[in-house]
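A quick write-up on the structure given underneath.
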């Protein structure tokens, strides 16, 4: 299970930007934690997500 927390406040986050979870899991399975973190993107709580749904990655 992967928990995502808001980049702004640390609350549980539902809105991911630049997230490629399948690639992140593949990198984790291969033992490459640094690369996996890059593929997880940035996550935001509803009130803190970027306006207009713009991508930050």
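If eta is 1.002 mPa s and T is 20 °C, what Stokes-Einstein diffusion coefficient results for the chain, Kirkwood Rh from Cα pairs, in µm²/s? Walk me through the numbers before you get to the answer.
Details: Rh = 11.6 Å.
D = 184 µm²/s.
Over the chain, dividing the summed -39,500 (n - 2.57) contributions of all DSSP H runs of at least 4 residues by the number of residues returns a 222 nm mean residue ellipticity of -7500 deg cm²/dmol.
No lab work stands behind these numbers, since they all come straight from the coordinates. No experiment lies behind these values; they were computed from the predicted model shown.
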